[in-house]
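Working notes for the structure below.
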């Protein structure tokens, strides 16, 4: 039985039930927006920056293609973004665990806005050479990656534990809405103006986001030694508080800059190792990340869309966008009904189910592509988009709730890198298998692999299914 809000005679709520009344419990939970003005501002800033980002994505693709007419240079956009995203995303984790997270995010968002403004300066200076364009894009991506682990911790500080999942779901739906609206807005701006105007729109959105971060209260990390970590060789004590001191306590008058840099770099690497160790030793975190990798590495389908579009629609560029639109429609629909997720106590069960639905939907996508049934292929992508949103929302909430605050930045950086690199590597796998077989068989084999690994994780990491929102107080 679900959909009721009645405790038993001991005052306990039935495990896994939806906390809401009737059908209203299924809808997007707006409570975080109602109870916290600070969260409202943060959410608005994130929604606007997401919209500006999508507008700029279209502008970058259009400008690089118009300058080169080369698919290889268009692919270079991904390289220019992926490298700083992974490297700086890892570095952002230790920063979030030793510095005030608000200040880290403030500096990172400011850097993004400046880079976007520099891209928009083309409106006055004329188009930049391609290497300079890609370099500015890399700088903007690096700033985004550096602040991402800090930004991921804000919701747990602003919301009660029972509202963390709802806060994450609200951010997810704003992201999905930006994916639907942003490219269309970017296309309209390109039609009447130039890519530089799109970059200026992004700069304005990021400036508003910077203001919303500035309005946050101070958010220093909790350096209480909640979880023991392996003692590093010759550095610190192995605890988060010790590393916080190690990064800041070197007397600058007595330590040469190169030696200080070497010691701090070593400390940062040790802290990154502690973040990875925290994931490895905690079966909830480890199982949740394995589920995400199963879904992305083995079954991510975006690289197949142009090939399937060629087979089903003759390669019409207008229909190619339908594939991504269908995924976004599913994501927004799941976001609107995210009360079914955020009001659940057993988020691990939700993620397991979502990964299973994702695999089944992409199995259907492969079968529809194999049979040449276009409408069925698009319909399965709607289901896959909904499952992806549910999986990401439940996983993000579990990571935030299951990780000690002293290690939250480092674990968030691991989550960030997995979330960024998984789809990219999954696309490479999909394209490689499609080249060896067919796009349909690539989708089928990936979906079967995802379902198999998901089942293995469910059997070997039972703590994921057993996780409840109120189990840990970290």
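Can you give the Kirkwood hydrodynamic radius of segment 25-216 from its Cα pairs, in Å with one decimal? Don't skip to the end; give the middle numbers.
Working: mean 1/r = 0.0579 Å⁻¹.
When all Cα pairs of segment 25-216 are included, the Kirkwood radius is 17.3 Å.
Using the alpha-carbon centroid of each, what span in Å lies between segment 445-470 and segment 175-208?
Using only Cα atoms, the two centres lie 38 Å from each other.
Show log10 I(q)/I(0) for segment 273-469 at q = 0.11, 0.17, 0.18 Å⁻¹, two decimals, from a solvent-free Debye sum over equal Cα scatterers.
Taking Cα atoms of segment 273-469 as identical point scatterers yields -0.49, -1.06, -1.16.
The numbers here are math on the coordinates, done by the rules we state, and not lab data. All values derive from a computational prediction rather than experimental measurement.
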